[in-house]
1. Which of the residues in the range B:248-274 lose at least 50 Å² of accessible area when you go from the chain alone to all protein chains together (probe 1.4 Å)?
2. Choose one answer from A:94, A:59, A:76: the residue with the largest mean-square fluctuation in a GNM of chain A with alpha-carbon springs under 10 Å.
3. Positive end of the charge dipole of chain B (Lys, Arg +1 and Asp, Glu -1 on Cβ, about the Cα centre): tell me which of B:43, B:304, B:280 has its Cα farthest that way.
4. Sticking with the crude label model, points 7 Å out along Cα→Cβ, report the distance from residue A:181 to residue B:142 in nm, one decimal please.
5. Might you report the magnitude of the Cβ-based charge dipole of the protein assembly as shown about its Cα centre, with Lys and Arg at +1 and Asp and Glu at -1, to the nearest 20 debye?
6. Over the Cα atoms of the range A:317-368, Rg to Rh with Kirkwood Rh, two decimal places?
7. Taking a cut-off of 17 Å between Cα atoms, list the aspartates and glutamates near residue B:34, but don't count ones fewer than 8 places away on the same chain.
8. In the P(r) worked out for the range A:105-256, what percent of Cα pairs fall beyond 27 Å?
Number of protein chains: 2
Amino acid sequence: MSETVTRREALKLGAAAGVLAGAARRAAAATGPKPIRFGFIGVGGRGTGLLQQALAHEGVEVTAICDINEAHLNRGIDLVRKARGNEPAGHSAGPTDYRRLLTRDDVDAVLIATPMQLHGRMAADSLRAGKHVLSEVAAAVTVDECLDLVRAQKESGRTYMLAENVCYYRANLIVLNMIEQGLFGELTYAECGYVHDCRSLLFNGDGSLTWRGELARQESGNWYPTHSLGPVAQWLGINRGDRLVSLVSRSSPAVGVKDYATKRFGADHPTTKLPWRGDSNTSLLSTERGRVIELRFDTSSARPHPTTTYFTLQGATASYHDREAVPSIWVDGKSKEVAWQSINDYAAEYEHPLWKRWAEEASKTGHG
Amino acid sequence: MSETVTRREALKLGAAAGVLAGAARRAAAATGPKPIRFGFIGVGGRGTGLLQQALAHEGVEVTAICDINEAHLNRGIDLVRKARGNEPAGHSAGPTDYRRLLTRDDVDAVLIATPMQLHGRMAADSLRAGKHVLSEVAAAVTVDECLDLVRAQKESGRTYMLAENVCYYRANLIVLNMIEQGLFGELTYAECGYVHDCRSLLFNGDGSLTWRGELARQESGNWYPTHSLGPVAQWLGINRGDRLVSLVSRSSPAVGVKDYATKRFGADHPTTKLPWRGDSNTSLLSTERGRVIELRFDTSSARPHPTTTYFTLQGATASYHDREAVPSIWVDGKSKEVAWQSINDYAAEYEHPLWKRWAEEASKTGHG
């Protein structure tokens, strides 16, 4: 999704490129040594950025593009033509035209970058059509869609990958590497959040709602958990030795969006009068091994957002937090004193292999 | 309680002195213009520190001291004699001898600085004996004790004050003042924690447990909430317009204390083999007005502790957080850009009256 780019820029640059390249490699391994042929479903702001990154990779071809917005579609086709010289097929005949793209023999895999409410159904349809899938976050928005997505992946045997880029932030990968090498000892607790004033993204210019606005109006819980929960799930080995077993959740009163809409559209605008949901949602998750994860979400409150995502991780022999200026760590026996150190102090020894492999290539691409 | 003194020193110095002076004033108002005559119950490390601060205030006399440890008692009596020339009565005949102190006519109020498990009963007994009470945190450790304390205060009509010093940190008072002056608008969410590696305080030299150790062994929840919840309760007007109505709580596995005890006393020491409780506890509290408070407690994990307590507060028009280097705030319409500012930028305009009144006097006393 489109975000203000802050100090993380360099990290994110690499991250999305790494995801894309990783998916291409996986899919390539399944289909042989030929370049993987991608169909892009959704080339708005986010999809177009990912398209540009894809075109920077030799192992990727783009053979088809779908978007209900013809201007977006044509911009995408132009980008491919200029970068590669080939003319991808265009699909723009309404909201189900992506299914026509899925019947194409020259598409091995799809990248889905449509509004979030569409991801689950489109991904399941794509898998059942025999395509590998790289999907933007979140994977789906209802439990039924999640279950159907799992079924579709199992039935099809195709690769499904969620393009959760925060898992590939450099610091998060170093922490993952340190965990795997035993520096944290037994893990007990993690904290993560996505706290970012996104109110300007909820509305079109006329006050009608974007897909984010629809979600903010409909759902009072955490409808955007993956940027925060993704790295923590990797660290704790969720579904790889541990699993989530319970959740409690609380939402605060709704104040921020109504205040914003009042200022922007006036108190009498229909949008302002909508029954907005809670600004801040906090969930406590427990795992089978008894660990606790605190997960926060707030995109509706008036506030600065220096980091957008933040993390805390506690183990028996190390502690990590990434909230403000510098991701900080303390490792029992390695840190010289009981004081936080920059995670960068450990980069030389614990850089993640994935980062080493992709850092240079990623630096050539745009923000992902 | 005794803590490593960090950047907060100047704040805390003032804080405890302010509490003490405030209690003295309140009690003095109830008994006339004479100096208030205090009996000290418990003069270990913490009680002795508070005794020294009390002796710095002209409005306070110390007429009696109680401690089961005779060496502590005599040290306290000496301090009074040297500072004021009077000889306070000494009570040291076992764990119920404080009740003899409570029968004294020359004691208007007591300061209770005993192990936490004793606070509730001693405070209720003191109120019923007609004494005003200034009690160290926490107020009590069981629900029955809490209810009895409320009953005792109502029956007696005497003043009860919890000596929660973090409420009087300068930044917390500025925030309180800003809330009262409307800068935050409607409040929605608060976060607070006491996260501090206190494992060394759980044990005596021989591996037996201190009162903190007993609590850490017995209780898996948050047995030390007041430093974190105190300021938040003031900010949200708990029991002054809003009230707590529900709570859910989760504790992580217990790893830290066993690890510490193993290293200090050996794997075979009886203390190491105790069934320690969860390292990290997180609670979600909801208020009648729908606000959510996230409250964390961890004194058992291996980690640095740069701030010990931390806070976040979200309102419709301002956001505050105090986690690391500098307490930071953003106020819609006052902050020049959407970026965090030091709370000190607002001190000139929003310094709390209580801080202004006591800052100079507080600077003369020791760490509280």
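The values are calculated or read from the model by the stated rules, or taken from the named source; none is laboratory data. Since we're looking at a predicted model, the values are computed, not measured. Cβ placement follows ideal geometry from the backbone for every residue including glycine, while neighbour counts extend to all protein chains displayed. Side chains are part of the model used for accessible areas, which takes the heavy atoms of the whole protein and leaves out ligands, DNA and RNA. Shrake-Rupley method; radii C 1.70, N 1.55, O 1.52, S 1.80 Å.
1. Residues passing the criterion (a loss of at least 50 Å², heavy atoms only) are B:248, B:250, B:253, B:255.
2. With Cα springs under 10 Å in chain A, the top fluctuation among A:94, A:59, A:76 is at A:94.
3. Sorting the options by dipole projection puts first B:43.
4. According to this spin-label approximation, the distance is 5.1 nm.
5. On the way: 86 positive and 84 negative charges, 34 e Å.
So the dipole magnitude of the protein assembly as shown works out to roughly 160 debye.
6. Numbers: Rg = 13.8 Å, Rh = 12.8 Å.
Radius of gyration over Kirkwood radius for the range A:317-368 works out to 1.08.
7. Of all the aspartates and glutamates, those that pass the test against residue B:34 - Cα under 17 Å, at least 8 places apart if same chain - are B:58, B:61, B:105, B:106, B:108.
8. 35 percent
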